[in-house]
1. Of everything in the range 100-116, what is closer than 16 Å to HIS158 by Cα and free of Cβ contacts under 8 Å to residues at least 24 places away in the same chain? Give them in sequence order.
2. Identify all residues within the range 4-57 that are modelled with pLDDT of 85 or more, exposed (fewer than 13 other Cβ atoms within 10 Å of the Cβ) and among the hydroxyl-bearing types (Ser, Thr, Tyr); write none if there are none.
3. What tally of residues in the range 139-172 results from selecting those that are open to solvent by 100 Å² or more (accessible area, probe 1.4 Å) and in a loop (DSSP other than H, G, I, E, B)?
4. Being assigned to a helix (DSSP H, G or I) and in contact with a helix residue (DSSP H, G or I) (Cβ under 7 Å, 6 or more places away or on another chain) is the filter; apply it to the range 112-128 and report the residue that is nearest to ASN101 (Cα to Cα).
5. Take MET105 and decide whether it is open to solvent by 30 Å² or more (accessible area, probe 1.4 Å), at pLDDT 85 or above and touching a Lys or Arg at 6+ places or on another chain (Cβ under 8 Å).
6. What is the number of the single condition among (1) of a type in the set (Lys, Arg); (2) in contact with a helix residue (DSSP H, G or I) (Cβ under 7 Å, 6 or more places away or on another chain); (3) without any contact (Cβ under 8 Å) to a residue 12 or more places away in the chain that ARG160 does not meet?
7. Being more than 18 Å from SER73 (Cβ to Cβ), under 36 Å from the mean Cα position of the chain (by Cα) and of a type in the set (Ser, Thr, Tyr) is the filter here, so list the residues in the range 10-61 that pass it.
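The values are calculated or read from the model by the stated rules, or taken from the named source; none is laboratory data. None of the values given here were measured: they were computed from a predicted structure. Every residue, glycine as well, gets a Cβ built from its backbone with ideal geometry; the counts of neighbours run over all protein chains shown. Quick note on the areas: whole protein, heavy atoms, side chains included, nothing else; ligands and nucleic acids left out. Shrake-Rupley method; radii C 1.70, N 1.55, O 1.52, S 1.80 Å.
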Amino acid sequence: MPEYGRHVQQMVDHCLTIDDRDERNLYARGIIDTICRLNPQQRTSPEWRAKLWDHLAIMSNFQLDIDYPEGCSITPEELNLRPEPMALPPRGMMRRVYGNNIDQMIDAAIAMAPDDPDREEFIILLANHMKKLMMTENPENATDARIFKDLAEMSGGHLRLSTQTTKLREFEILEAPVSKKKKRKR
């Protein structure tokens, strides 16, 4: 483990060569004490002692035959386990400009009861967010009519807003600040 350095690894390698089990246990405890002194930030985690003993087992390639006081909670099989693959969003997104979160928000708005007073506010908030996202990609095309059309298409006609009754916020496109390089004095 590179965070402990080569000297700690050399100590672990030496501990593997010790024949007497009692002396090896004593030496392993000394290694853990050394790691504690070298890395005091380790003490902030709640199970830091057990973690250090696990690290000692990993550094010895699980060959160190000692009495682990906390019990070695990690095995070589667990160390080499790969995480489960993450589920990716569907490839057939209608409008990539808006992203997958907008699709989930549209589904949530559709699931709300039609007589819910918060539903209309949520739909307007959703449309404003869609307009803001469209402004970052294509500011010329970010009109209220276009946003309302996209919202109706993406919701399958369940969410409809009218340009006569609803007005979305106006967003400004701000220029990125230009940093001036300071001249260094020599």
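1. GLN104, ASP107, ALA108, ALA111, MET112, ALA113, PRO114, ASP115, ASP116
2. Across the range 4-57, the qualifying residue is only THR17.
3. The total comes to 8.
4. Among those residues, the one meeting the criterion is LEU126.
5. No: the conditions fail for MET105.
6. (3)
7. THR34, THR44
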